[in-house]
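Inspection log for the structure reproduced underneath, given as structure tokens.
The values are calculated or read from the model by the stated rules, or taken from the named source; none is laboratory data. Nothing here was measured: the structure is a model prediction, and the numbers come from that model. We place every Cβ from the backbone using ideal geometry, glycine too, and count neighbours over all the protein chains shown. For accessibility, only protein heavy atoms count, side chains too; no ligands or nucleic acids. Shrake-Rupley method; radii C 1.70, N 1.55, O 1.52, S 1.80 Å.
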Amino acid sequence: MSVWQAKVATLFPEMFPGVLGQSLAGKALENGIWSLDVKDIRDHATDRHRTVDDNPFGGGAGMVMRPDIVDAALRELRGSAPQLPLIYLSPRGKVLNQKRCRELAAGPGAIMLCGRYEGIDQRVLDEHEAEEISIGDYILMGGELPAMVLIESCIRLIEGTVNKTESVDEESFETGLLEYPHYTRPANWNGREVPEILLSGHHAKVQAWRHAQAEEITRARRPDLWDRYVANGNIKEG
């Protein structure tokens with residue numbers, strides 16, 4: 001099995017692997033299921049102050065990361081893996097979803113470009129045909145945390161990272177629904193009982209209950225997902 005490659009261009013290489021070095025993700029990294037190559041963009045700065053940004057043309061607040069310096073860092077990362085898609089973590093990108101995670105996890109890996117300041121000069125993004133991905137409708141100080149989210153969401157889908165593959169297959173978004181609620185011992189906690197059906201030992205009835213719960217939760221909490229689920233012919237209303 002080939003190793004899934006995560007390559008990151010950032011101004012803060014010391015932030016990695018961060019949480020990716022812990023728990024199952026960290027074990028998978030140690031076991032060679034995936035690899036991590038982090039490039040410090042500042043290594044390609046040309047002045048003694050290691051400057052990577054400049055004032056935006058047209059005026060405005062903040063600074064913009066220079067295309068020549070970002071380009072040099074990307075070319076170094078892409079040189080050894082030209083087949084990897086380049087992803088720029090940006091709030092203006094398409095929102096990350098499970099479908100895209102599965103597509104990326106099925107491939108050889110990805111290069112993540114982490115911006116800072118007001119962003120990155122558009123020309124270098126166009127030059128490298130970067131795919132822009134957002135992890136939600138809010139703003140962070142840089143692309144490092146979104147890159148970690150993207151990497152973890154992919155590597156957990158790779159065989160050998162998570163032992164029980166059925167736990168991955170039944171999670172939220174995998175079936176178009178949010179996940180059903182979970183319960184464990186004790187059966188009575190603070191006067192709250194576990195649903196009786198889960199103690200019945202009747203597998204088919206348990207599965208039917210869980211599916212019904214997933215539908216109910218999705219309809220109540222995520223009407224957008226529910227409408228898509230219905231539109232795909234999964235259920236007939238009325």
Notebook entry, point to check: Residues of the stretch 158-191 being at pLDDT 80 or above, in a loop (DSSP other than H, G, I, E, B) and hydrophobic (A, V, I, L, M, F, W, C), which ones?
Noted result: 158, 177, 178, 187
Next item on the list: Pull up the stretch 1-38, narrow it to residues that are among the polar types (S, T, N, Q), closer than 18 Å to residue 105 by Cβ and at pLDDT 95 or above, then point me to the one that is most open to solvent (accessible area, probe 1.4 Å).
Entry: 31
Checklist line | Of all residues in the stretch 125-134 being under 10 Å from residue 92 (Cα atoms) and surrounded by fewer than 21 Cβ atoms within 10 Å (Cβ to Cβ), the one that is farthest from the chain's Cα centre (by Cα) | finding: 132
Note to self: For the stretch 211-238, give me each residue that is in contact (Cβ under 8 Å) with a residue 40 or more places away in the chain and basic (Lys, Arg).
What the structure shows: 221, 222, 228
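Here is a yes/no grid of residues against (1) open to solvent by 10 Å² or more (accessible area, probe 1.4 Å); (2) out of contact with any helix residue (DSSP H, G or I) (no Cβ under 9 Å at 6 or more places or on another chain); (3) touching a residue at least 40 places away in the same chain (Cβ under 8 Å):
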| position | (1), (2), (3) |
| --- | --- |
| 54 | yes, yes, no |
| 65 | no, no, yes |
| 73 | no, no, yes |
| 85 | yes, no, yes |
| 96 | yes, no, yes |
| 109 | no, no, yes |
| 114 | no, no, yes |
| 117 | yes, yes, yes |
